[in-house]
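Visitor: Let me begin by handing over the structure; questions about it come next.
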Amino acid sequence: MDSYYLRQRRRRRLLRFLAICAFFGLLSLPVLYLLRGEVRAVAVLAYRFAKSQVQAFRAADPVVVVERSTPSPKPQSQSQPQPQPQPQPQSTASAGSAAAQPQPPRLRTVKLGETTFRIPEGYVQRKEDLGSPQNPELVLSALLPDLRPRATGRGACAPKEARCPDFAVLKLRPGRALIESEFTKRYKAAPGSFALIPGIHGLQQIPPHRSRPANERQFLAQPAGRWTWISCRELGRPSAKQPAFGVCHLDFDTPDGLSVKVRFPRDRLSDWSAIQAKAAELAAGFRG
């Protein structure tokens, strides 16, 4: 049989095989999308199993340090002068003390409108969090209870992980009164026009509104004569194995015209006053 014909037949078979694989791959895309949670869980389990196997292998096969024998120095004759040891510089102690001192965090200078902010590196996770002329809003990641910068090493909570117990998000927007705009737009009334009912943790609860979800609770407070608006909502459906998890959004305006929004877990609602005080302190310190 002609070799040219054989090559053409192998080529046609290869193309037919690739076309079949591509066809079944396209058919499996919706199934993979529906099972993306299970695929991710299997990948995480495989990664943890491989990691445990590597750690067990390293523990069973310790590293052996081989010491090389240095040749003994040749005896010198008495006629040759012995070299005098040179004094070592005394700068090692000062260098060690300088290395032990913590370095100040790097600052990012961001200008939104007429307001300039200087934000430490640990608060910024993405470039998009620094805002833009179209969306002049800073998104900062912090950890409760003192709203320190989010750790970036292993074991830190991911920014999109809803069930991180210590994770908080701060949003700073200059030049907008949030309470007077957002609250009035949602409820068609000012905060002081509601007949509030006693709430929890020193808060006054807004009566349930027909336009809001049933699993949402709205609270108002007025520390130092300025309104604070807290909205809490449950995420997901509770079950016997996994209780309900919720988040709260705390909104307030600073006296200098800065709108501050803090997102934190609902379990931390009892600390709302401390969270608001720390957020106001950070917002004032970030302004250049």
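Nothing in this text is a laboratory measurement; each read-out follows from the coordinates by a stated rule. What you see is a predicted model, and the numbers here were worked out from it, not measured in a lab. No Cβ is skipped: glycine too gets one built from the backbone with ideal geometry, and neighbour counts run over all protein chains shown.
Visitor: Under 5 Å between amide H atoms, partner at least 5 residues away or on a different chain: which partners does residue 167 have, H built in plane at 1.01 Å?
Guide: Amide H neighbours of residue 167, under 5 Å, 5+ apart: 144.
Visitor: Would you calculate the separation in nanometres between label points at residue 19 and residue 118, each defined as 7 Å from the Cα along the Cα-to-beta-carbon direction?
Guide: Once both label points are built, they end up 6.7 nm from each other.
Visitor: What length, rounded to one decimal in nm, is gained on full extension from residue 266 through to residue 187, with 0.36 nm per residue of separation minus their alpha-carbon distance?
Guide: Between residue 266 and residue 187, full extension yields 26.2 nm more.
Visitor: Here's something else I'd like to know. Of 111/188; 188/261; 127/261; 111/171; 171/278; 127/171, which ones are farther than 23 Å apart at the Cα?
Guide: 111/188
Visitor: Roughly speaking, what is the stretch gain from residue 209 to residue 233, that is 0.36 nm per residue apart minus the C-alpha to C-alpha distance, in nm to one decimal?
Guide: 7.3 nm
Visitor: So how far apart, in nm, are the two label points at residue 197 and residue 52 if each is 7 Å from Cα heading toward Cβ?
Guide: Using points 7 Å along Cα→Cβ, the separation is 5.0 nm.
Visitor: For residue 111 paired with residue 9, estimate the spin-label separation in nm (one decimal), with each label point 7 Å from Cα along the Cα-to-Cβ line.
Guide: 7.5 nm
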